[in-house]
1. Give the residue, chosen from Gly180, Gly140, that is modelled with pLDDT of 95 or more, under 21 Å from Ser238 (Cβ atoms) and not in a helix (DSSP H, G or I).
2. Evaluate the following for Asp237: is it among the charged types (D, E, K, R) and open to solvent by less than 10 Å² (accessible area, probe 1.4 Å)?
3. Would a scan of region 116-133 turn up a residue that is at pLDDT 95 or above, open to solvent by less than 50 Å² (accessible area, probe 1.4 Å), within 16 Å of Val229 (Cβ to Cβ) and within 21 Å of the chain's Cα centre (by Cα)?
4. Do we have Ile275 as assigned to a loop (DSSP other than H, G, I, E, B) and β-branched (Val, Ile, Thr) here?
5. Being within 27 Å of the chain's Cα centre (by Cα) and crowded, with 21+ Cβ neighbours inside 10 Å is true for just one of Val255, Val288, Val309. Which residue is that?
6. Kindly indicate whether any position in region 339-356 is farther than 27 Å from Asp424 by Cα and either open to solvent by 50 Å² or more (accessible area, probe 1.4 Å) or at pLDDT 95 or above (or both).
7. Give the residues of region 163-177 that are open to solvent by 10 Å² or more (accessible area, probe 1.4 Å) and under 15 Å from Ile235 (Cα atoms), sorted by residue number.
8. So, in region 89-105, how many residues would count as being within 16 Å of the chain's Cα centre (by Cα) and surrounded by 15 or more Cβ atoms within 10 Å (Cβ to Cβ)?
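The values are calculated or read from the model by the stated rules, or taken from the named source; none is laboratory data. Quantities reported herein were computed from a predicted structural model and do not represent experimental measurements. All Cβ positions, even for glycine, are placed from backbone atoms using ideal geometry, and neighbour counts span all protein chains on display. Heavy atoms of the whole protein, side chains included, go into the accessibility calculation; ligands, DNA and RNA do not. Shrake-Rupley method; radii C 1.70, N 1.55, O 1.52, S 1.80 Å.
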Amino acid sequence: MAAKTADQFSELKLNGLSDSKKASSAASKQNGTTADASDQDSDDNDEDAPAANGAENVAIAGDKKKKKKKKSKKKKTGTAGAKVQSDPPRVPVSQLFSNNTYPAGQEVEYVGDQQYRTTNEEKRHLDRMRNDFLTEYRQGAEIHRQTRAWAQKNIKPGMDLHEIAQGIEDCTRALTGHQGLEEGDGLIAGVGFPTGLSINHCAAHYTPNSTSKKWVLGQQDVLKVDFGVHINQRIVDSAFTMTWDPKYDNLLAAVKDATNTGVREAGIDVRVGEIGAAIQEAMESYEVEIDGKTYPVKAIRNLNGHDIVQGSIHGGKSVPIVKSNDMTKMEEGEIFAIETFGSTGRGYVQDDMEVSHYALRPDAPNVPLRVSSARSLLNVIKKNFGTLPWCRRYLDRLGQEKYLLGLNNLVSSGIVQDYPPLVDQKGCYTAQFEHTILLRPTVKEVVSRGDDY
């Protein structure tokens with residue numbers, strides 16, 4: 001989920017993995033001590049035989065019983081004991097991985113002054129102490145990979161954005177095992193933030209509201225898919241771009257290269273301004289020809305990556321994607337979303353279109369709310385989302401009605417932060433790629449890395 005420039009951002013404190021393990025299922029065969037129906041028939045025939053041959057017949061019958069093979073009982077099917085994923089994905093990943101052990105992300109050793117961390121015993125001990133933290137992040141990342149694999153296979157031109165968003169969110173909730181319909185359930189695990197489905201010149205923060213006009217994905221569209229998964233409010237934030245015409249390939253290549261450059265440059269004690277310079281250099285070394293016209297690929301200078309803290313998608317630090325004098329350092333134990341955006345337009349975005357994304361501000365002021373619907377809505381938000389981002393579709397899903405007056409009051413009071421869609425100039429095309437990285441004491445783990453990107 002995108003972060004705007006540092007001055008605007010400060011308002012809110014708020015995958016290779018080709019070795020992913022899939023457990024194989026084996027039907028258990030049950031052995032009984034009672035003979036089946038055919039054995040019983042044989043026994044009856046033996047009892048009717050002449051007495052003179054009784055002893056011999058008993059012996060033969062006994063041998064037959066010993067040689068009889070019992071028919072194996074078929075194991076009942078169902079998701080409770082499933083060891084393979086369904087299509088669409090509906091089996092919680094906790095049922096697919098034994099002992100709660102999930103695939104690690106791409107682990108990259110630190111270099112330079114930080115190289116000692118790989119073998120340092122103290123750092124290794126600190127790493128082991130955070131086992132629960134790693135398990136939660138890796139579980140969320142596996143859910144993200146399985147969900148996006150389904151999305152990449154099934155999203156096609158002609159689909160309505162409502163349908164796409166619903167499909168991704170249904171997968172996420174099913175794989176976490178938390179539907180989020182009961183009070184507090186969505187805070188245990190589930191959707192990390194609303195599914196971003198931003199098209200063409202819209203770079204970020206668009207998801208359809210229930211009342212939004214039908215928006216059908218076109219063959220010539222450039223679609224950014226940005227969604228999050230959380231386990232215990234530890235958010236995995238990762239995004240990718242989809243197109244159905246090869247003319248956009250170089251645009252996507254530029255942004256993917258830029259994101260991978262940011263991931264490579266990131267590390268403990270690295271200054272974020274230096275990362276931004278490396279990202280911009282990679283991004284802007286590309287150009288793309290679209291319909292006979294050549295465009296330079298520009299980094300969108302007022303969009304950034306960001307750190308992530310438990311319960312909040314934007315923690316307070318930003319990672320620029322252009323060169324800057326920001327001397328802020330990344331630190332051990334921090335989590336960052338390294339995301340980059342490229343554009344064939346101005347390389348600058350502004351707010352536009354209908355707002356759908358919202359989040360309760362952790363630093364919200366304690367102000368009196370005179371609108372009763374605002375007070376009741378605030379209670380719903382706290383109990384169901386906490387400080388995790390949400391959208392109006394999620395309120396509708398919980399059965400909330402006629403809440404717009406109260407919602408607007410919460411926004412104007414500074415209690416809830418709204419996130420309007422962010423757009424470049426009309427007619428241009430934008431692309432996005434993003435990964436979540438963990439700055440562990442011993443290695444940097446690109447936890448969301450997959451075979452796709």
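1. Details: Gly140 fails: not in a helix (DSSP H, G or I).
None of the other options fit; the residue is Gly180.
2. Working: among the charged types (D, E, K, R): yes; open to solvent by less than 10 Å² (accessible area, probe 1.4 Å): yes.
So Asp237 passes the test.
3. There is at least one residue in region 116-133 that is at pLDDT 95 or above, open to solvent by less than 50 Å² (accessible area, probe 1.4 Å), within 16 Å of Val229 (Cβ to Cβ) and within 21 Å of the chain's Cα centre (by Cα).
4. Working: assigned to a loop (DSSP other than H, G, I, E, B): no; β-branched (Val, Ile, Thr): yes.
Judged against the criteria, Ile275 is not a match.
5. Working: Val288 fails: within 27 Å of the chain's Cα centre (by Cα); Val309 fails: crowded, with 21+ Cβ neighbours inside 10 Å.
Among Val255, Val288, Val309, only Val255 is within 27 Å of the chain's Cα centre (by Cα) and crowded, with 21+ Cβ neighbours inside 10 Å.
6. Let us first name the residues in region 339-356 that are farther than 27 Å from Asp424 by Cα, namely none.
Checking region 339-356: not a single residue is farther than 27 Å from Asp424 by Cα and either open to solvent by 50 Å² or more (accessible area, probe 1.4 Å) or at pLDDT 95 or above (or both).
7. Across region 163-177, the qualifying residues are Arg173, Thr176.
8. Kept after step one, since they are within 16 Å of the chain's Cα centre (by Cα), are these residues of region 89-105: 89-94, 102-105.
Now drop any that are not surrounded by 15 or more Cβ atoms within 10 Å (Cβ to Cβ), which leaves 89, 91-94, 102-105.
Count: 9.
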